[in-house]
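Heads up: the structure comes next, in structure tokens.
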Amino acid sequence: MYFSTPQNRITAVLHNLFPRENQINPVACAGERGSNSTQQHVLAEIAQSALDNYPLDDLFDETVERVANTLDHDYCKILELRPADDELLLRNGVGWHDGLVGTATVETEENSQAGYTLLEEEPVVVTDLPAEDRFTGPELLTSHDVKSGISTIVGTPDDPWGILGVHSTTPETYTDEDVEFVQSVANILFTEIRRRKREAELEAQNERLDAFASMLAHELRNPLTVGQMYSQQLSEDPETDAATHVREAFDRIDDIIDVLLILARGRDEVCANGTVVLADVAREVWSRMNAPGATLEVDTDRVLRAADTHVRHLLENLFENAVEHGGGDVTVTIGNHPTGFYVADDGIGIPTENRDDVFDIGFTTAAKEGGTGLGLAFVRELVDVYGWTCTLTENIAGGARFEFENVGLVE
């Protein structure tokens, strides 16, 4: 099992497919409508612009100009569907009369080319608009003396975002490559629209999660502070450990709040300036383990750049997992790894078929013994937030071995 912070490999692949040295001037494409290679180059340019994360309207403006020039047409437009108003807005375009882009609308009724296109499952080709018997107009086209063109849905018939259309004032005959070119452009635009929508939704979700985590931490810390204050007044009777257990419980809740905040807020919560002596924290965590028959062997001199609370919580979950699955007499070892450290045990180990699942929230093989399936999920999240990597392998002694690499170390 291996995990790390995800990387956008798709972007890298597309950058390799469409390197900058292959870019072309869209104006130079005019008059070369029959060249399939020219159309493929323009598709690559539009895809590259999408990858460069241009503002959406800038991408649209560039696209309509490229498509019009490539097909040597007078007009190109992107219509955005506005279901609430039952209309399509001329959001971006080239060649249209001044003042129309951003204001003109087209009805979604079947008697317009755009409305008809919304009902089709494939691009709509017009070779002679005045003689067209499937639909008329609309005025946007007739007022510009449009005679022919291609239009297609940006999206799908079941989930349309809008219409991409390219038009000419002269009757045209189109090849299959021309139609496929316009459809491919629409596909690129819809992919980018959908990606940015998902990113916006994720960002909003993260903001809600951050707000919820902050609220929860605030609400928990108020009664926690009161409890910690009054716990100091408990009896220190040497014959009972009640006061100690209560204070430790409160401290644990306080630590969990810190961990929840880092999981909700990500790397912004990471304390890059903190230092942790790994051996000292490991012994401290082990001293609180309820496992008198188990043994901890410390063979590390690592000093980590991390928050003490987070490292303690990570080790606590790993130690509890080893004792829970390895038995009361398990031996746990913490030692140095080339770019980090490892935690291993000599228990029964984790079956190969389960190694991809053990870090998932809710996964546990010890439900009958009270396992929640949260401990290793916390480990994974903390590792990702800190930018470390973790590999789960089999220990030489037969148990499980968690190897942490790319860890920030104090030399």
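The values are calculated or read from the model by the stated rules, or taken from the named source; none is laboratory data. Treat the numbers as computed from the prediction; the structure is a model and nothing was measured. As a convention, Cβ positions derive from the backbone with ideal geometry for all residues, glycine included, and neighbour counts pool all protein chains shown. For the accessible areas, the whole protein counts, side chains as well, though only heavy atoms, and no ligand, DNA or RNA atoms are used. Shrake-Rupley method; radii C 1.70, N 1.55, O 1.52, S 1.80 Å.
Descriptive notes on the structure:
- Restricting attention to the stretch 34-52 and to residues that are of a type in the set (Ser, Thr, Tyr) and either at pLDDT 85 or above or open to solvent by 50 Å² or more (accessible area, probe 1.4 Å) (or both), the residue that is farthest from Asn69 (Cα to Cα) turns out to be Ser49.
- Leading residue by the ranking (surrounded by the most Cβ atoms within 10 Å (Cβ to Cβ)) among those in the stretch 70-85 that are acidic (Asp, Glu) and touching a residue at least 40 places away in the same chain (Cβ under 8 Å): Asp74
- Of the criteria (1) closer than 20 Å to Ala249 by Cα; (2) at pLDDT 90 or above, which one His313 fails: (2)
- The stretch 134-160 - residue that is in a strand (DSSP E or B) and closer than 12 Å to Gly115 by Cβ and, of those, most open to solvent (accessible area, probe 1.4 Å): Pro160
- Matching option when the condition is at pLDDT below 90 and either of a type in the set (Phe, Trp, Tyr) or surrounded by fewer than 17 Cβ atoms within 10 Å (Cβ to Cβ) (or both), among Gly398, Gly375: Gly398
- Residue satisfying all of: in the stretch 85-116; of a type in the set (S, T, N, Q) and outside any loop (DSSP other than H, G, I, E, B); nearest to Val64 (Cα to Cα) among these: Asn92
- The one condition in (1) part of a helix (DSSP H, G or I); (2) modelled with pLDDT of 90 or more; (3) surrounded by fewer than 11 Cβ atoms within 10 Å (Cβ to Cβ) that Thr173 fails to fulfil: (1)
- The test for being more than 21 Å from Asn36 (Cβ to Cβ) and either open to solvent by 10 Å² or more (accessible area, probe 1.4 Å) or touching a residue at least 24 places away in the same chain (Cβ under 8 Å) (or both) does not hold for Leu164.
- Pairing residues of the stretch 280-291 that are within 14 Å of Leu314 (Cβ to Cβ) with residues that are open to solvent by less than 70 Å² (accessible area, probe 1.4 Å) and among the aliphatic types (A, V, I, L, M), at Cβ distances under 7 Å and at least 6 apart in sequence or on separate chains, gives Val281/Val311; Val281/Leu315; Ala282/Leu296; Ala282/Val298; Ala282/Leu315; Ala282/Ile334; Val285/Leu315; Trp286/Leu296.
- Criterion: under 19 Å from Phe190 (Cα atoms), of a type in the set (A, V, I, L, M, F, W, C) and within 32 Å of the chain's Cα centre (by Cα) - qualifying residue of Ala44, Ala84: Ala44
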